[in-house]
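The values are calculated or read from the model by the stated rules, or taken from the named source; none is laboratory data. The shown structure was predicted, so the numbers you read here are calculated from the model rather than taken from an experiment. With ideal geometry, Cβ positions are generated from the backbone for all residues, glycine too; neighbour counts draw on all protein chains shown.
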């Protein structure tokens with residue numbers, strides 16, 4: 001999240017990036033000359049192609065003071081890169097410009113902005129109203145070939161502005177790296193998890209009892225060989241007798257799945273009402289849409305409040321912290337790093353080598369001197385050995401929790417309890 005706040009109420013801008021793009025982002029420092037403007041900029045370096053995102057908010061009162069528009073135009077001119085792609089987006093509050101014909105009413109503000117666009121070779125790609133019949137939210141790009149599927153979408157919550165969705169390819173258009181770097185695209189990833197509640201434990205016991213362990217370990221020469229053979233047989237039994245269920249991570253299709261059916265039906269009615277109003281533009285349809293927006297917001301607020309009150313009343317500290325962490329945790333990667341020559345490193349291997357080189361440069365070098373250390377065991381104390389019997393192992397396994405969370409060996413505690421207690 002990158003933001004520029006105001007000291008007073010209202011205004012300000014906030015740029016939210018998904019975790020897929022956060023590791024490629026580097027914030028751009030805005031000169032102090034433009035401190036009074038609501039503007040934030042970020043550089044994205046994907047497939048060695050840099051794209052600058054510039055988000056701005058232009059208040060309506062700028063039309064009354066030409067000097068403020070001059071300052072905004074100067075800020076955009078200073079932030080616009082000369083050798084890389086750029087996206088300028090935000091609320092410009094310029095209803096008097098006809099973007100299809102690129103003409104405007106006789107006011108200085110529109111003329112000044114159109115001159116800037118012409119001189120900067122920027123393309124405005126929003127050609128539909130974003131508030132009533134006005135195009136107020138604009139998106140300018142230097143590379144229109146990287147943009148596709150620009151559509152209008154329903155407002156977010158109770159906002160009076162329509163949303164804009166699009167696909168923008170940030171990486172190399174001719175590359176073959178396959179980087180998923182598009183705004184608005186939703187990629188489905190399918191993984192699998194074991195459903196231990198439906199496991200066939202009796203068949204798995206029979207499977208283990210009929211393994212020829214002598215033959216399985218006949219060619220083992222080290223402890224690692226024994227463990228690999230033993231582990232592979234257990235995983236084979238896991239695949240045979242514990243069913244797997246797919247985990248589909250589709251963000252777009254599951255955005256409302258956490259709500260009950262009543263709220264989902266209400267949100268569906270709101271989406272239908274917005275489509276009708278955006279098509280026919282009648283006062284009745286607009287009022288109906290606003291009514292459903294308020295009803296949906298109230299229903300969601302009540303649902304969240306009820307869940308949080310129930311969570312508190314349960315007194316489960318683990319569930320409470322899990323809920324809090326789901327609201328506050330952010331998974332972000334390492335942004336692009338520059339070496340001593342100023343060259344940006346974007347791949348994981350290059351960044352790891354750069355970090356390793358820096359850390360090793362500040363480490364204390366070993367002088368090959370080992371200080372004397374006092375031993376806690378008498379020198380003549382004999383080593384008796386480690387005692388391990390089937391009874392001791394059985395007692396240790398019986399104390400394991402019946403948890404389905406797997407460790408690095410891919411064997412959860414519930415599997416060990418039910419699978420190995422023969």
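Being within 21 Å of the chain's Cα centre (by Cα), in a loop (DSSP other than H, G, I, E, B) and modelled with pLDDT of 85 or more is the requirement here; does residue 164 meet it? Criteria not met by residue 164. Restricting attention to the stretch 61-92 and to residues that are in a loop (DSSP other than H, G, I, E, B) and surrounded by fewer than 19 Cβ atoms within 10 Å (Cβ to Cβ), the residue that is farthest from the chain's Cα centre (by Cα) turns out to be 65. Here 41, 25 are screened, and the one residue that is farther than 19 Å from residue 92 by Cα and under 20 Å from the mean Cα position of the chain (by Cα) is 25. Checking the stretch 189-197 against the condition returns a match, with at least one residue being part of a helix (DSSP H, G or I), modelled with pLDDT under 90 and under 39 Å from the mean Cα position of the chain (by Cα). Within the stretch 393-406, the presence of at least one residue that is surrounded by 12 or more Cβ atoms within 10 Å (Cβ to Cβ) and assigned to a helix (DSSP H, G or I) is confirmed. Elements of the type strands (runs of 3 or more DSSP E) sitting completely within the stretch 1-44 and holding at least 3 residues that are over 17 Å from residue 71 (Cβ atoms): these cover 25-27. Of 3, 9, all but one fail to be farther than 25 Å from residue 143 by Cβ and touching a strand residue (DSSP E or B) at 6+ places or on another chain (Cβ under 9 Å); the exception is 3. So which pairs qualify, if the first residue must be in the stretch 8-19 and more than 25 Å from residue 168 (Cα to Cα), the second must be modelled with pLDDT of 75 or more and in a loop (DSSP other than H, G, I, E, B), the Cβ gap must be under 9 Å, and the two must be at least 6 apart or on different chains? Within 9 Å, the pairs are 10/59; 11/5; 11/59.
Per-residue answers, yes or no, for (1) out of contact with any strand residue (DSSP E or B) (no Cβ under 6 Å at 6 or more places or on another chain); (2) within 24 Å of residue 166 (Cβ to Cβ); (3) assigned by TED's automatic domain parsing to the domain that holds residue 127:
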{"site": "15", "(1), (2), (3)": "no, yes, yes"}
{"site": "33", "(1), (2), (3)": "yes, no, yes"}
{"site": "63", "(1), (2), (3)": "yes, no, yes"}
{"site": "74", "(1), (2), (3)": "yes, no, yes"}
{"site": "84", "(1), (2), (3)": "no, yes, yes"}
{"site": "87", "(1), (2), (3)": "no, yes, yes"}
{"site": "93", "(1), (2), (3)": "yes, yes, yes"}
{"site": "97", "(1), (2), (3)": "no, yes, yes"}
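Which ones in the stretch 263-310 are in contact with a helix residue (DSSP H, G or I) (Cβ under 7 Å, 6 or more places away or on another chain) and in contact (Cβ under 8 Å) with a residue 60 or more places away in the chain? Once the filter is applied, which keeps residues that are in contact with a helix residue (DSSP H, G or I) (Cβ under 7 Å, 6 or more places away or on another chain) and in contact (Cβ under 8 Å) with a residue 60 or more places away in the chain, the stretch 263-310 yields 270, 274, 293.
Scan the stretch 240-253 and give yes if some residue there is modelled with pLDDT of 85 or more, assigned to a loop (DSSP other than H, G, I, E, B) and in contact with a strand residue (DSSP E or B) (Cβ under 7 Å, 6 or more places away or on another chain), otherwise no. Within the stretch 240-253 (the criterion being modelled with pLDDT of 85 or more, assigned to a loop (DSSP other than H, G, I, E, B) and in contact with a strand residue (DSSP E or B) (Cβ under 7 Å, 6 or more places away or on another chain)), the answer is yes, since at least one residue qualifies.
Determine whether residue 410 is in contact with a helix residue (DSSP H, G or I) (Cβ under 8 Å, 6 or more places away or on another chain), part of a loop (DSSP other than H, G, I, E, B) and over 30 Å from residue 48 (Cα atoms).
Criteria met by residue 410.
Residues considered: 298, 332, 357. Of these, the only one that is modelled with pLDDT under 85 and surrounded by 10 or more Cβ atoms within 10 Å (Cβ to Cβ) is 332. Pairing residues of the stretch 398-409 that are assigned by TED's automatic domain parsing to the domain that holds residue 199 with residues that are assigned to a loop (DSSP other than H, G, I, E, B), at Cβ distances under 8 Å and at least 6 apart in sequence or on separate chains, gives 398/421; 403/412; 404/412; 405/412; 406/412.
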